[in-house]
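Here is the structure we will look at, set down as structure tokens.
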Amino acid sequence: MNLQGAVAVVTGGSRGIGAAICEELGRGGAKVVVNYSGSEGPAQEVVDKVNQIGGGGEAVAVQADISDPEEAQKLIDQAVEQFGRVDILVNNAGTNIDATLDKLDVESWDQVVQLDLNGCFYTLHAVLPHMTEQESGAIINMSSFVGEAGNMGQANYSAAKAGLLGFTRTAALELARNNITVNAVCPGFIETDMTDAIPDEMKEKITKTIPMGHFGQPEDIAQGVRFCIENEYMTGATLDINGGILMRT
Ligand code: NAP
């Protein structure tokens, strides 16, 4: 799909990987809906950056908690109201609440699965009538190498991210006839607020297991998302961008 003039909804576009995706798509000339749940200021900063890039790219911020199906619907409705259509959906919003299974409570399980897996269905469900009517679309689900390999203390997160890979392949199978591609991106450890929470000692240990020898940057993932959108023959794929860590797990 050509990014120029295309309308993209990026969930969790206010910070980290999502913010880098919004900027990358804006550079390509897309009209970007920057979704956030609580970070209004950072979302507005992303909007300002995209609007300054020029070259046709423009952006608006839309608040919606996409773990709530009604708010996910509202997000897509507002995108259509603003720009007339939705060509690209990037299901990027995610969270983690880490604990080993002996300490993991039901609330932490539900909260992570509700946002990281169920939320992706809610947005896809809301956008589907528009994309099928248009007979075109590109959907990218942000999974994780943890969904492929598992990780100590992340049963809830890895289950949600692994579930997203099955969801991606099934959606890709069902929607190919409508000229809609659906792909997953699996980042390794990327420098964002999410990984800032890891204690320094643990970060050093993790870094030693990464063949490339360092954490990735949000822009590394944004480039992969752009590739998934622009390549019109790739669907049902999992794009690993992880510095090689998956080979070590
Ligand atoms: P982050 O820095 O913590 O940012 C999370 C984003 O999600 C924020 O924009 C946040 O917006 C938004 N968000 C949180 N809850 C939301 C909700 N209920 N509804 C809508 N938006 C919500 O995370 P990140 O590191 O950039 O991660 C982005 C995605 O990549 C996630 O799916 C994550 O699982 C995945 N990932 C990250 C890494 C990594 O190493 N960083 C590795 C693999 C996969 P507000 O601040 O407004 O809530």
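For the reader, a short list of remarks on this structure follows.
- 3J(HN,Hα) along the range 125-130, derived from phi through the Karplus expression 6.51 cos²θ - 1.76 cosθ + 1.60 where θ = phi - 60°, amounts to 4, 6, 8, 4, x, 5 Hz, with x in place of Gly and Pro.
- Efficiency of FRET from Cβ geometry, N178 and E70, R₀ 22 Å, rounded to 0.05: 0.30
- J(HN,Hα) series, the range 71-76, from Karplus relation 6.51 cos²θ - 1.76 cosθ + 1.60, nearest Hz, glycine and proline x: 6, 4, 4, 4, 4, 5
- Note on the range 47-69 and the range 149-211: Cα centroid distance 23 Å, given to the nearest whole angstrom.
- With respect to the chain, whose longest principal axis is taken over its alpha-carbon atoms, helix 218-230 is tilted by about 40°.
- For the chain, the longest principal axis of the alpha carbon atoms and the long axis of helix 16-27 meet at an angle near 30°.
- Ellipticity estimate at 222 nm from DSSP helix runs (n ≥ 4, -39,500 (n - 2.57)) divided over the chain, nearest 500: -14500 deg cm²/dmol
- Note, ³J(HN,Hα) from phi for the range 111-122, Karplus 6.51, -1.76, 1.60, rounded to Hz, x at Gly and Pro: 4, 6, 5, 4, 7, 6, 10, 4, x, 5, 5, 4
- Around the amide H of N242, modelled in the peptide plane, lie the amide H atoms of G188, all under 5 Å away and 5 or more residues distant in sequence or on another chain.
- When a 1.4 Å probe is rolled over the protein heavy atoms, the share of accessible surface on the chain that falls to carbon and sulfur comes to 49 percent.
- Hull volume in cubic angstrom per residue (convex hull over the Cα atoms of the chain): 116 Å³
- Under 5 Å, built H, 5+ apart or other chain: amide partners of K31: G5, A6, V7, A8, E58
The values are calculated or read from the model by the stated rules, or taken from the named source; none is laboratory data. These numbers were taken from a predicted model, which means no experiment stands behind them. Don't worry about glycine lacking a Cβ; one is built from the backbone with ideal geometry, like all the others, and counts go over all protein chains shown. Heads up: the accessible areas ignore ligands, DNA and RNA and are worked out on the full protein's heavy atoms, side chains in. Shrake-Rupley method; radii C 1.70, N 1.55, O 1.52, S 1.80 Å.
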